[in-house]
There are 2 protein chains.
Amino acid sequence: MLTEERYAAILGILAEKKAVTVLELTKALQISESTVRRDLTALHRSGRLYKVYGGATTIDNNYSKDEEDMQTKRDLYPEEKVAIGRKAAELIERDDFVYIDAGSTTLHIIDFLKENGAAFVTNGMQHAARLSARGFKVFIIGGAVKAITEAVVGTEALQSLQCYNFTKGFFGTNGISTKSGFSTPDAEEGAVKSAALARCKNAFVVADRSKFNKIAPITFADISSATIITGRLEDKKYLDYTTVLEGE
Amino acid sequence: MLTEERYAAILGILAEKKAVTVLELTKALQISESTVRRDLTALHRSGRLYKVYGGATTIDNNYSKDEEDMQTKRDLYPEEKVAIGRKAAELIERDDFVYIDAGSTTLHIIDFLKENGAAFVTNGMQHAARLSARGFKVFIIGGAVKAITEAVVGTEALQSLQCYNFTKGFFGTNGISTKSGFSTPDAEEGAVKSAALARCKNAFVVADRSKFNKIAPITFADISSATIITGRLEDKKYLDYTTVLEGE
DNA sequence: TCAAAGTCAACCAAAATCAGTCAAAAATAA
DNA sequence: TTATTTTTGACTGATTTTGGTTGACTTTGA
């Protein structure tokens with residue numbers, strides 16, 4: 001039986017039952033437990049199902065709202081962003097206090113989070129909704145809501161941030177360059193990113209390949225002030241300036 | 001049986017029966033008491049049911065009789081809620097600074113708003129998203145996000161409210177009675193309602209017919225402290241205590 | 001009020017499940 | 001054919017979940 005056939009079979013069973021155990025799959029497909037686990041891991045990684053203890057569930061019935069199209073609409077390198085999201089989620093440890101910046105790449109992190117007592121603060125309304133839907137402890141910062149990105153910005157937002165001390169923070173960016181650091185087109189969003197980043201013990205910038213060697217109008221952080229999480233780093237010169245983590 | 005399946009089964013039974021005991025669940029699902037307790041604790045924490053001594057109940061039917069969750073509640077008296085929403089929207093004048101409380105009835109107000117320079121503050125994530133989508137100037141207050149209702153609550157929320165001076169405020173409620181005033185099942189949401197209402201020059205409570213002569217656990221305002229906006233007032237005794245505006 | 005019965009969270013040991021390693025089997029290439 | 005790579009299934013120690021037990025707490029009914 002071909003690997004892809006197995007994947008299709010698993011997804012078929014899952015589509016019917018909404019949830020399936022590893023044992024059920026070994027019986028249904030007459031393959032070993034190890035292979036089932038490997039398949040589930042692969043399908044989880046490519047975002048086609050959720051792996052849970054004992055088996056797997058379908059992706060969709062966990063989410064409450066109809067805000068999915070927003071995500072797909074903006075996704076430029078979806079498979080790379082999924083890998084980046086997975087890598088970022090891995091970094092979150094028990095009892096971390098995590099800031100998640102608004103933006104489409106950071107949205108992918110949420111899909112891979114595991115329940116481990118971590119608490120989240122975000123300025124992204126979609127991020128807050130999705131975190132909340134998945135059952136995480138989540139706070140949204142107060143302030144003006146930007147129309148297009150649904151990010152919270154402004155002086156209230158900057159002030160709200162001052163009372164938080166994050167152990168980790170994940171930020172999106174529009175441009176990365178060794179000279180101009182991390183940059184974004186919007187001054188208000190830049191100010192929030194900057195303020196939030198200053199409150200993080202460890203800061204991470206998530207960025208697909210399209211962001212490297214670009215400069216946007218507003219620099220919100222120096223290149224050395226955050227670890228970069230990306231798919232596969234093509235331009236090795238960045239290793240001289242900061243840490244880079246690669247997802248697969 | 002997977003954890004998520006058990007959760008779904010418990011919520012299914014609960015949706016039917018409105019209340020269930022630990023013992024019933026152990027028999028229905030053939031699992032131990034310990035596991036049932038753990039599941040109930042988890043579901044309670046993620047806001048999907050209320051844990052009570054001996055078992056669990058659905059989220060909102062503790063006192064007021066047949067309430068359902070946000071989604072179904074939205075469709076309870078749709079035509080009346082639309083009328084209420086239209087009536088409320090009419091009251092908003094040029095350059096008002098308006099607070100809109102989270103909740104399904106207040107959501108209808110947004111559909112009838114006209115662009116007239118008014119600015120909005122809300123603790124409802126869906127409300128903020130919809131206002132923003134319609135192009136209004138909108139602020140969201142900061143704080144913890146409640147799982148089911150997607151309302152912002154907690155000490156941060158209460159504090160965020162202190163700097164605003166609203167000209168008008170619109171609030172939802174679960175119960176209205178002359179003696180116990182306006183009441184709601186959730187203490188945290190009640191605290192936010194109370195704090196926001198105190199910052200409003202003019203406060204309005206929007207309520208369909210199902211809310212009258214009901215008492216929910218937490219009173220957030222006296223009957224005389226807000227004007228009631230409803231479809232058609234059946235119980236005229238309220239006119240002795242406060243102003244009532246009728247829609248349609 | 002009190003005491004009995006019922007219910008609870010916390011703890012612990014057993015069972016189930018997990019990710020990783022390794023060698024055999026299968027597929028592919030030379 | 002043989003050599004190399006990939007896939008598979010068994011095994012292992014670590015982790016997570018489960019169900020029974022305990023002592024504390026809550027409700028019930030006198």
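The values are calculated or read from the model by the stated rules, or taken from the named source; none is laboratory data. Remember, it's a predicted structure, so these values are computed and weren't measured experimentally. Cβ atoms come from the backbone with ideal geometry, glycine included; neighbour counts cover every protein chain shown. Heads up: the accessible areas ignore ligands, DNA and RNA and are worked out on the full protein's heavy atoms, side chains in. Shrake-Rupley method; radii C 1.70, N 1.55, O 1.52, S 1.80 Å.
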What size of dipole, in debye to the nearest 20, comes out for the protein assembly as shown about its Cα centre when the only charges are +1 on Lys and Arg C-beta atoms and -1 on Asp and Glu C-beta atoms?
-> 560
Calculate the spin-label point distance for A:T167 paired with A:S224, positioning each point 7 Å from the Cα along the beta-carbon direction, and give it in nanometres.
-> 2.7
Between B:D240 and B:Q159, what is the FRET efficiency for a Förster distance of 35 Å, r being their Cβ-Cβ separation, to the nearest 0.05?
-> 0.45
Qualifying GluC sites (Glu not before Pro) for the stretch B:137-226 [loop in DSSP, other Cβ within 10 Å: at most 11] | none
What is the interface area between chains B and A, defined as buried accessible area summed over both chains with a 1.4 Å probe, reported in Å² to the nearest 100?
-> 2000
If the cut-off is 17 Å between C-alpha atoms, which lysines fall inside it for B:K179, apart from same-chain ones fewer than 8 positions away?
-> B:K211, B:K214, B:K236, B:K237
At 1.4 Å probe size, with every protein chain present, just tell me what the per residue accessible area of the stretch A:68-246 comes to in Å².
-> 40
Dipole of chain B (Lys/Arg Cβ +1, Asp/Glu Cβ -1, origin at the Cα centre): which of B:Y99, B:L29, B:A157 lies farthest to the positive side?
-> B:A157
Of all DSSP beta bridges in the protein assembly as shown, antiparallel share, percent nearest 5 | 45
Taking a ≥ b ≥ c as the square roots of the eigenvalues of the Cα gyration tensor of the stretch B:3-57, is the shape rounded (a/c under 1.5), prolate (a/b larger than b/c) or oblate?
-> rounded
Roughly how tilted is helix B:33-45, in degrees to the nearest 10 and between 0 and 90, from the longest Cα axis of chain B?
-> 10
Using modelled backbone amide H atoms (1.01 Å from N, in-plane), which distant-in-sequence or interchain residues come within less than 5 Å of A:L245's amide H?
-> A:I228, A:I229, A:T230
Taking the Cα centre of the stretch B:3-57 as origin, sum charge times position over the Cβ atoms of Lys and Arg (+1) and Asp and Glu (-1), and report the length of that vector in debye to the nearest 20.
-> 180
Given charges at beta-carbon only (K, R positive; D, E negative), |dipole| of the stretch B:161-248 in Debye | 160
Gyration tensor verdict on the protein assembly as shown (Cα atoms; rounded if a/c is under 1.5, prolate if a/b is larger than b/c, oblate otherwise) = oblate
Just list whichever of A:K137/B:K87; B:K17/B:K146; A:K17/A:K87; A:K114/B:K146; A:K137/A:K201 have alpha carbons separated by over 31 Å in the model shown.
-> A:K137/B:K87
With a/c under 1.5 counting as rounded, go ahead and sort the stretch B:71-246 into rounded, prolate or oblate using the C-alpha gyration tensor (a ≥ b ≥ c being the square roots of the eigenvalues; past the cut-off, prolate if a/b is larger than b/c, else oblate).
-> rounded
Distance from the stretch A:172-248 to the stretch A:124-167 (C-alpha centre basis), Å = 20
Amide H proximity to A:G55 below 5 Å, modelled H, separation 5+ or other chain, gives A:V22
Looking at the stretch B:117-208, which trypsin sites (Lys or Arg not before Pro) are in a loop (DSSP not H, G, I, E or B) and have at most 11 other Cβ atoms within 10 Å?
-> B:K179
Position B:T26, label points 7 Å along Cα→Cβ, spacing to each other copy in nm (shortest first, one decimal) = 3.0
Residue-level accessible surface for A:E90, protein heavy atoms, 1.4 Å, Å² = 110
Shielding by other protein chains, B:143-153, mean Cβ within 10 Å | 5
Quick one: which residues, 5 or more positions from A:N202 or on another chain, have an amide H under 5 Å from its amide H? H modelled 1.01 Å from N in the peptide plane, none for Pro or chain starts.
-> A:K168, A:G169
Distance between modelled label sites at A:R94 and B:N213, nm, 7 Å Cα→Cβ extension = 5.5
Helix A:78-90 versus the longest principal axis of chain A: what is the Cα-based angle in degrees, 0 to 90, to the nearest 10?
-> 80
Test item: B:120-129 mean partner chain Cβ contacts at 10 Å = 3
Using +1 at the Cβ of each Lys and Arg and -1 at the Cβ of each Asp and Glu in the protein assembly as shown, identify which of A:S210, A:L233, B:A15 lies farthest towards the dipole's positive end.
-> A:L233
Probe 1.4 Å, heavy atoms of protein chains only: per residue, the accessible area of the stretch B:3-57 in Å² is 56
In the stretch A:3-61, carbon and sulfur make up what percent of the accessible area (probe 1.4 Å)?
-> 52
Give the ranking of B:M1, A:M125 by solvent-accessible surface, highest area first, calculated with a 1.4 Å probe.
-> B:M1, A:M125
